[in-house]
Amino acid sequence: EQARAELSFNSNDHDGALVAARKAYSLALETRSVLDESIGGWRVVAALLAPVDSVPTPECRQILERILDTRSWLSVWTILEVIANNFARNGHIETAATIVGHLVTQPNNGSALTTGSRQQTLDIVRCNDGADEWMAAGAAMTRDEIGIYTLDQLPR
């Protein structure tokens with residue numbers, strides 16, 4: 001299902017990607033495979049937030065909470081990339097800038113898995129006067145603080 005989700009996502013079939021990613025994520029939860037859970041969770045969030053008119057859902061929050069509990073920072077940062085990009089695209093610039101401000105300070109943070117997402121987010125937020133201040137605030141946060149901050153921005 002992970003491969004099916006990836007192929008669907010790469011074909012811009014976000015609905016198909018979401019169905020396959022949810023199956024993979026569910027199976028990972030059943031089998032207690034933390035790695036597959038992280039990958040499946042990221043793919044669910046990516047499929048939910050990829051469409052132009054998408055907004056974060058309670059499911060995004062639930063998955064991020066669960067992945068934060070694993071303390072698998074590569075997975076957390078990958079999900080945060082997707083969330084920050086969606087916030088930027090939808091005009092929530094301060095939130096996006098704060099999250100991406102933290103992400104740019106983290107080495108090996110998974111941005112390679114979200115090709116183009118980081119640059120697009122930065123291009124959008126840097127067009128705003130407060131971007132440097134908001135990014136600095138995010139950069140000053142710890143991993144736990146940025147996780148809590150992001151959760152607070154997502155619907156329950």
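Some notes on this structure:
- Relative contact order (%) - the chain, alpha-carbon pairs under 8 angstrom, separation at least six: 20 percent
- Centre-to-centre, using Cα atoms only, region 118-133 and region 5-65 are separated by 26 Å.
- Region 34-104 - percent of accessible surface contributed by carbon and sulfur, probe 1.4 Å: 55 percent
- Taken along its principal axes, the alpha carbon cloud of the chain reaches lengths of 44, 30, 29 Å, longest axis first.
- Helix-only mean residue ellipticity at 222 nm for the chain, each DSSP H run of n ≥ 4 adding -39500 (n - 2.57), per residue, nearest 500: -23000 deg cm²/dmol
- In region 64-110, trypsin sites (Lys or Arg not before Pro) in a DSSP loop with at most 15 other beta-carbon atoms within 10 Å: ARG71
- Solvent-accessible heavy-atom area per residue, rounded to whole Å², over the chain at 1.4 Å: 50 Å²
- On the beta carbon distance between ASP13 and ASP53, with R0 = 22 Å, the FRET formula returns roughly 0.85.
The values are calculated or read from the model by the stated rules, or taken from the named source; none is laboratory data. Bear in mind the structure is a predicted one, so any value in this text is a computation, not a measurement. In this analysis, Cβ positions are derived from the backbone assuming ideal geometry, glycine residues included, and neighbour counts consider all displayed protein chains. The accessibility values were calculated without ligands, DNA or RNA, using every heavy atom of the protein model including side chains. Shrake-Rupley method; radii C 1.70, N 1.55, O 1.52, S 1.80 Å.
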